[in-house]
1. Report the residue, chosen from Asp175, Asp20, Asp46, that carries the largest GNM mean-square fluctuation when the chain is represented by alpha-carbon nodes joined by springs under 10 Å.
2. How large is log10 of I(q)/I(0) for the chain at q = 0.11, 0.17, 0.18 Å⁻¹ when the intensity is taken from the Debye formula with one equal scatterer per alpha-carbon?
3. Quick one: net charge of Ala71's neighbours, Cβ under 9 Å, K/R +1, D/E -1?
4. Under a point-charge model restricted to the Cβ atoms of Lys and Arg (+1) and Asp and Glu (-1), what is the dipole moment magnitude of the stretch 103-221 relative to its Cα centre, in debye to the nearest 20?
5. List Trp8, Trp227 from most exposed to least, where exposure is judged by having the fewest other Cβ atoms within 10 Å.
6. So what does log10 I(q)/I(0) come out to for the stretch 97-137 at q = 0.22, 0.27 Å⁻¹, using the Debye formula with one equal point on every Cα and no solvent?
7. Got the relative contact order for the stretch 56-209 handy, in percent, Cα pairs under 8 Å and 6 or more residues apart?
8. When the helix-only estimate is applied to the chain (DSSP H runs of n ≥ 4, each -39,500 (n - 2.57), divided by the residue count), what is the mean residue ellipticity at 222 nm, nearest 500 deg cm²/dmol?
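Here, each number is a calculation from the coordinates, and none is a lab measurement. As the structure is a prediction and not an experimental result, all values here were calculated from the model. Here Cβ is always computed from backbone atoms with ideal geometry, including for glycine, and neighbour counts include all displayed protein chains.
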Amino acid sequence: MIVGPRIWCNSGLDVEIHRDLEDPLTFFDTNRKRAEITYMTAAFGDLSVFCLKKGASVLQYAETILPSYPAKKTLDQITLEKKGKIIDDQYPHGWDKLDWDVYELMKNPFKSFYKVGRALNVSWQTVQDRFNKIIKNCKIWVLFLPKGYDNYHQAYLMFKTEYETDLRKELQKLDRTTVIYKFEDTILLHVFLDEILLKSHHYYRHFFELKREGTIHDLRVSVPIEWHSPYW
């Protein structure tokens, strides 16, 4: 039901997208172990590969949205009525090298302060103090999926909208986590849909209706088929 938690800081993350690859899985298998990769997904549809990597700060915002349980709405019931932009994630100023080292080793927050201290040649109290400092600039990355990770049909919905804050509030009314990314003023939603195929198509139709209304633009739909992250 729950995947994670991990602590996560949006700093120096670039976005790499490939479309219309003839064989996205070959590209995926060849490139997923690149040193700069933090997350990579192969997909079919409009996107062939979606990738987050260390580099220029192109990723403006990302979040695993905390849902409601029981649900207040389903995905095909969300409405977009009030315009508003999500505030970009802020770079964590004031971190020194030890802060970054603690962050890298404690992405899993249940890791022992003692073991991290031994790895960094500092005391466990120092690690604890640094962790308590950096956690203030981090998000908790966790997926809440009531039916279990493998019991949903996953999809990527990519589009632009002037109703970003309304969209985030509506996604909080679902009974499962939705992952939201924003880059170059484009929204990418990683959604978890009920496994019933016809119902999944109904969800897609709703987003095409939102496009018809003019509340979202440039809608693209893809289905992830394999993913990799060195941090999970």
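1. Asp20
2. For the requested q values the scattering log ratios are -0.61, -1.35, -1.46.
3. +3
4. Working: 20 positive and 15 negative charges, 122 e Å.
Charge dipole of the stretch 103-221: 580 debye, to the nearest 20.
5. Ordered from fewest to most neighbouring Cβ atoms within 10 Å, Trp8, Trp227 come out as Trp227, Trp8.
6. Taken in order of the listed q values, log10 I(q)/I(0) reads -0.56, -0.88.
7. Details: 219 pairs, mean separation 63.8, N = 154.
Relative contact order for the stretch 56-209 comes out at 41 percent.
8. On the way: 6 runs with 61 residues, N = 232.
The per-residue figure over the chain is -8000 deg cm²/dmol.
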